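Undergrad: I have a structure here, written as structure tokens, and I will follow up with some questions on it.
The values are calculated or read from the model by the stated rules, or taken from the named source; none is laboratory data. Not measured: the values here are computed from a predicted model. Neighbour counts run over all protein chains shown; Cβ positions are idealised from the backbone, glycine included. Surface accessibility is based on the protein's heavy atoms, side chains included, excluding ligands, DNA and RNA. Shrake-Rupley method; radii C 1.70, N 1.55, O 1.52, S 1.80 Å.
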Amino acid sequence: MEWMVTVNEPGKTFLMQGNEAIVRGALEAGVRFAAAYPGSPSSEILTMLGHVADEMNLYAEWSTNENCAFQACMGASFGGVRALCVVKQNGLLTIGDALHTAALSGCKGGVVLLTADDPNAHSSTNEFDSRHQARAAGIPLLEPATFQEAKDMIVYGFELSEKIGQVVMVRSVTRICHGRGNVTLGELPESPSSPVPIGEWDKLIAINWFHDVLWAKLDQAQELFEESPFNWYSGPEQPELLIITSGTGWLYSVEAVETLGLEDKVGILKLGCTWPLPEKLVLKYLCKSPRVLVVEEVDPFLEQNVANIIAHNPGLNVQLYGRYKKSALPQSFELNPDVVLNALATLMDITYQSSKTGEVPAEAVVNIPPRDLTFCAGCPHRASFFLLKQTLRIHEGNGVVMGDIGCYTMGGQRAGHFLLHSLACMGAGINMGEGLGQLTRFGFNQPVLALAGDSTFFHSCLPGLVNARYHDSNMLFVILDNSATAMTGFQPHPGIPVNCMGQPANAMSIEKIVEAIGCPVTVADPYEIEATTQVVYDLIKKPGMKVLILRQPCATLAVRSKGRRKVWVDPELCRGDNCGCGRFCSKTWGCPGNIWNNQTGKAEIDEVVCVGCGVCASLCPAGAIKVEGGEA
Amino acid sequence: MPGGMQLKAEVLSTSACALCGACLDWCPYLKNIEDHLVLRFDCPVEHGRCYSVCPRTLTDWQAINERYLADVPYDSDIGAYQTVFRVRRLQPIQDQQDGGTVSTLLQTALDNNMVEGVLITGSGDPLTPQPYLADQEEDIRKAAGSRFLASPSLRKIMEAREKGMEKLAVVGRPCQVQALRKMDYNKPADSPPLDVLSIGLFCMWSLSWSFKDYLASTYPDLTFLRMAIPQHAVELYTNEGIKQIPVETVQSYIRPGCRYCLDMTSELADISVGAFEPEAGWNTVIVRTERGRELLDKAREANLLQIEEYPSEELERLRGASHNKKVRGLRNIKQAVDEQKLTPFIDLSSSPYREIIAESSAKEGF
């Protein structure tokens, strides 16, 4: 689909994914520098920019973390070019300090910070609302409600950023990023923005002297927002109820009003510029209606800012409804048309029989068994969790495992035998483990383990590792090195020798980094379950700070280059349900490649999904699973 | 018969496990490292072999004794036996513990094709017992000398089956001999044939592997060559001579499961071998079954062993020591059962337990 983002046919309309529209917007804005750390739902954006980097004469990088990405954008901006930083809501929080200081210093070349939120946390651990960060830092905020706006707001964001010398946040959500809609293309520039020399007295200083300057920039943005075409009203002159909405809330609101036939009674004020609010515009419509419903994802951000306007205008007589205290809408989780329909029907005293959300229509019901989230067939994480779990059980010391963020987060569930005791944010495992490991001096005697993937290791574990080594915490830090940022789609990280533009990169060795800080490090293969179990057992009995790298490339990736070996079950040897097995391969090991034939009462291999890792063959107590060319 | 989850509840979680290793045979759910034996993952099997072979699940030992030692006179202290001898090897071998009798009997069994292989415990290091299957004399010699750290060596039975062995000699602690008998007594109809010649060891207790950690931290620079427990002392032979370790220190490392043991002399074995306390360099040998007698006879015929009559006063001492272990074991079992810390694996109200409890209660307040 990448041809669509670079095709130079202004005025032509294409069906585009939201993330494609954002990329197109960046290209139309002449972006020269783009940096990101992968995170759903925004991961596709930088991948596409990396692919077209050569063609469009821009630079793109998967930065080691979001902080690197954002501050790299600030550096590029200082050099005069337009820079796009892409994050998800969690990534935005890791930028906190950098964002607040950038807001004080302002920028030179335009900087757009695209944050993609994930209401309902479809592919996240939380549904944090990024918009608070824009208000907290004091930077303008735009919220696209359509795929067209997803493109247009990027272009506008860069213009605004340069006009007022401030970073601009554009906040998308999963339904925009991953949905598709019509986008009419604008013009691509002849060439992207070009570097401008930095003079001796050009500065980029973040210091409190500029706090008033920051407010002045916001005032300037507010004036521009009053006239912005991203904000508009539709509906009767004097509505019985006014809906104020932003982002996908607008789509749900339009559908609700049309479905209930309330076009003559309910008006919709759609806002694309949500911080600072275009106060005059909002006031104009607040005066017209006694009741206001605010529809937005996720937190009552817009609602409370509207409440702020109401509080500062005592003449207004408005009853405000929204998500705050569930006055009309649920306080948590993603909205949908039905939820908004019900809220509107209730407020307008209309009987509306909704379809029950989540209920599968009878015609759609087929015989699909419920499935757990699990690791892919052959995933080295399955082997790692299996051997870590069994080692801790065998050790009988009630080992505690602090988790982290990545594919292996799923190891906290059945796929990983519920191994993880904690789940927080990127880099949390090593730091929480460090603290727990220090309690040994007070009699805490359970082994402490912390996990992190290779990408997470580079992202946010290095300071934690240094800290744990310096203070010699009693812990074992296990790096699950699958040589990929697998969760988000195999983006490169500093351990991978090719960057996102397909150019060679200076990959570095994790064990050399660990060795360099003086930490004992062991490298083992998770596929070698028996031998590696002994390695882990020996390590957790040792005091002090230790590191274990469990290295085996992501099987989904490896099978593409190495091909797969054939694995099969010898039915003569398979013990089936009997003692001595009890379907160990399909029930306990649990790889999707290990299946059960109810007719024969024997195990089988699902050749469609099996990648030929052969680990199950080493676990079968009857030796019934055979691997082409012998065991793994 | 229940399965792995019950084994975990009744035996593994209560620390009653004797670490014989019989349950590990065939099973992918049970696993050990050193002396930690656990159900590594929940077992869905409702009727498990593990439960049926475990010497610490409810067993009618009298019935098993009836099956395998029916025609042998029963002694309430040291079990059914034909004769007791004092025995030693005529040509001593390196590292032999006392009289070198066990190594000699194994060699005899192999030489006379009584078995195809032997399951023994040994390793280069006397403190890390590793079980292995041997089928030649050289390998047997490497295993010479006692290991006092418990090893679940019966897990190797599977390997013997996989190698197609049908006749196997097994050297084991009393709990392991019990498990071997239960394995046969409860074997499923379709079970592959495996004929075991059991050479039972005398055993007061075995030690937890944390004893090794204790030694490593107490004597970080020493190499340990051998361990022996002559009367009232524990001796460690090291590269710098013999180190005496207080008995109390060693006792604190006794595996909890051993405190429930009622068998000092491997009463269900074909032949039992232990130290001969009054004189170093000799073994006590209890001949129990016809097979045990045949094995000893063959070793005698081959001029490998010197076999002498057993002093009657020493037999009384042996019976007394064995009796005392039963009294201690029963006391520990009864206390743990009363405190609901243990699922009873014997019927305390049956004979001979009832009598022993009654007798010792009268004597010292059980």
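Undergrad: Of B:12, B:19, B:58, B:7, which residue is more than 24 Å from residue A:618 (Cα to Cα), in contact (Cβ under 8 Å) with a residue 12 or more places away in the chain and more than 14 Å from chain A (Cβ to nearest Cβ)?
TA: Of the residues listed, the single one that is more than 24 Å from residue A:618 (Cα to Cα), in contact (Cβ under 8 Å) with a residue 12 or more places away in the chain and more than 14 Å from chain A (Cβ to nearest Cβ) is B:58.
Undergrad: Between residues in the range A:236-265 that are part of a helix (DSSP H, G or I) and residues that are open to solvent by 10 Å² or more (accessible area, probe 1.4 Å) and of a type in the set (Asp, Glu), which pairs lie under 8 Å by C-beta distance while being six or more apart or on different chains?
TA: As it stands, the answer is A:257/A:263, since those pairs meet every condition given.
Undergrad: Based on this model, can you work out whether residue B:333 counts as in the same structural domain as residue B:102 (by TED's automatic domain parsing) and touching a His at 6+ places or on another chain (Cβ under 9 Å)? Quick ask: steps written out before the conclusion?
TA: Values: in the same structural domain as residue B:102 (by TED's automatic domain parsing): yes; touching a His at 6+ places or on another chain (Cβ under 9 Å): no.
For residue B:333, the condition - in the same structural domain as residue B:102 (by TED's automatic domain parsing) and touching a His at 6+ places or on another chain (Cβ under 9 Å) - is not met.
Undergrad: What number of residues within the range B:276-298 are modelled with pLDDT under 95 and among the small types (Gly, Ala, Ser)?
TA: Going through the range B:276-298 one residue at a time, the tally reaches 2.
Undergrad: Only residues in the range A:388-400 that are more than 11 Å from chain B (Cβ to nearest Cβ) count as the first member; pair them with residues that are open to solvent by 30 Å² or more (accessible area, probe 1.4 Å) and among the basic types (Lys, Arg), Cβ under 9 angstrom, at least 6 apart or cross-chain, and list the lot.
TA: Short answer, once both residue conditions are applied: A:399/A:393.
Undergrad: What number of residues within the range B:185-196 satisfy the criterion of being touching a residue at least 24 places away in the same chain (Cβ under 8 Å) and outside any helix (DSSP H, G or I)?
TA: Our first condition is that a residue be touching a residue at least 24 places away in the same chain (Cβ under 8 Å); within the range B:185-196, this holds for B:185-186, B:188, B:192-196.
If we keep only those that are outside any helix (DSSP H, G or I) as well, we get B:186, B:188, B:192-196.
Looking only at that region, the number is 7.
Undergrad: Residues of the range B:256-279 being of a type in the set (Phe, Trp, Tyr) and under 25 Å from residue B:354 (Cβ atoms), which ones?
TA: Applying the first criterion (of a type in the set (Phe, Trp, Tyr)) to the range B:256-279 yields B:260, B:276.
Hit for the range B:256-279 is B:260, nothing else.
Residue-wise test of (1) of a type in the set (Gly, Ala, Ser); (2) touching a Cys at 6+ places or on another chain (Cβ under 8 Å); (3) free of Cβ contacts under 8 Å to residues at least 12 places away in the same chain; (4) surrounded by fewer than 19 Cβ atoms within 10 Å (Cβ to Cβ).
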{"position": "A:165", "(1), (2), (3), (4)": "yes, yes, no, yes"}
{"position": "A:180", "(1), (2), (3), (4)": "no, no, no, yes"}
{"position": "A:189", "(1), (2), (3), (4)": "no, no, no, yes"}
{"position": "A:195", "(1), (2), (3), (4)": "no, no, no, yes"}
{"position": "A:200", "(1), (2), (3), (4)": "no, no, yes, yes"}
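Undergrad: Let me ask something else about it. State which residue is nearest to the chain's Cα centre (by Cα) when the search covers only the range A:241-289 and only residues that are surrounded by fewer than 21 Cβ atoms within 10 Å (Cβ to Cβ) and within 30 Å of residue A:220 (Cα to Cα).
TA: Per the criteria, the residue is A:279.
Undergrad: Against the condition free of Cβ contacts under 8 Å to residues at least 12 places away in the same chain, within 14 Å of chain A (Cβ to nearest Cβ), outside any loop (DSSP other than H, G, I, E, B) and not acidic (Asp, Glu), how does residue B:31 come out, does it pass?
TA: Details: free of Cβ contacts under 8 Å to residues at least 12 places away in the same chain: yes; within 14 Å of chain A (Cβ to nearest Cβ): yes; outside any loop (DSSP other than H, G, I, E, B): yes; not acidic (Asp, Glu): yes.
So residue B:31 passes the test.
Undergrad: Also, quick follow-up: Out of A:422, A:327, which single residue is assigned by TED's automatic domain parsing to the domain that holds residue A:461, in contact with a strand residue (DSSP E or B) (Cβ under 6 Å, 6 or more places away or on another chain) and surrounded by fewer than 23 Cβ atoms within 10 Å (Cβ to Cβ)?
TA: Details: A:327 fails: assigned by TED's automatic domain parsing to the domain that holds residue A:461.
Among A:422, A:327, only A:422 is assigned by TED's automatic domain parsing to the domain that holds residue A:461, in contact with a strand residue (DSSP E or B) (Cβ under 6 Å, 6 or more places away or on another chain) and surrounded by fewer than 23 Cβ atoms within 10 Å (Cβ to Cβ).
Undergrad: Going by the conditions given, is residue A:574 in contact with a Pro (Cβ under 9 Å, 6 or more places away or on another chain) and of a type in the set (A, V, I, L, M, F, W, C)?
TA: Values: in contact with a Pro (Cβ under 9 Å, 6 or more places away or on another chain): no; of a type in the set (A, V, I, L, M, F, W, C): yes.
Judged against the criteria, residue A:574 is not a match.
Undergrad: Pairs, please: C-beta under 8 Å, at least 6 apart or cross-chain, first residue within 14 Å of chain B (Cβ to nearest Cβ) and among the charged types (D, E, K, R) and in the range A:531-557, second surrounded by fewer than 17 Cβ atoms within 10 Å (Cβ to Cβ) and in a helix (DSSP H, G or I)?
TA: Matching pairs, first to second residue: A:541/B:213.
Undergrad: Go through A:415, A:428, A:452 for me and flag whichever is crowded, with 21+ Cβ neighbours inside 10 Å and within 14 Å of another protein chain (Cβ to nearest Cβ). Let's see the steps before the verdict.
TA: Working: A:428 fails: within 14 Å of another protein chain (Cβ to nearest Cβ); A:452 fails: within 14 Å of another protein chain (Cβ to nearest Cβ).
Only one candidate passes the filter, namely A:415.
Undergrad: Within the range B:34-55, which residues are facing chain A (nearest Cβ under 7 Å) and surrounded by 23 or more Cβ atoms within 10 Å (Cβ to Cβ)? Can you show your working first?
TA: Restricting attention to the range B:34-55, the residues satisfying the condition of being facing chain A (nearest Cβ under 7 Å) are B:36, B:38, B:40-41, B:43-45, B:47-49.
If the condition is that a residue be facing chain A (nearest Cβ under 7 Å) and surrounded by 23 or more Cβ atoms within 10 Å (Cβ to Cβ), then B:40, B:43, B:48, B:49 are the ones that fit.
Undergrad: Would you point out the residue of the range B:301-324, among those that are free of Cβ contacts under 8 Å to residues at least 24 places away in the same chain and under 24 Å from the mean Cα position of the chain (by Cα), that is farthest from residue B:91 (Cα to Cα)? It would help to see each step written out before you state the result.
TA: Step one: filter the range B:301-324 for residues free of Cβ contacts under 8 Å to residues at least 24 places away in the same chain, giving B:301, B:312-313, B:316, B:324.
When the remaining residues are screened for being under 24 Å from the mean Cα position of the chain (by Cα), the result is B:316, B:324.
Working: B:316: 29, B:324: 35 Å.
The extreme case among them is B:324.
Undergrad: Another question, then. Just one of B:51, B:74 is farther than 30 Å from residue A:587 by Cβ and among the hydroxyl-bearing types (Ser, Thr, Tyr); which is it?
TA: On the way: B:51 fails: farther than 30 Å from residue A:587 by Cβ.
Within the list B:51, B:74, the selection yields B:74.
Undergrad: So is residue A:349 assigned to a loop (DSSP other than H, G, I, E, B) and either open to solvent by less than 10 Å² (accessible area, probe 1.4 Å) or in contact with a helix residue (DSSP H, G or I) (Cβ under 8 Å, 6 or more places away or on another chain) (or both) or not? Outline the logic, then answer.
TA: Numbers: assigned to a loop (DSSP other than H, G, I, E, B): yes; either open to solvent by less than 10 Å² (accessible area, probe 1.4 Å) or in contact with a helix residue (DSSP H, G or I) (Cβ under 8 Å, 6 or more places away or on another chain) (or both): no.
It is false that residue A:349 is assigned to a loop (DSSP other than H, G, I, E, B) and either open to solvent by less than 10 Å² (accessible area, probe 1.4 Å) or in contact with a helix residue (DSSP H, G or I) (Cβ under 8 Å, 6 or more places away or on another chain) (or both).
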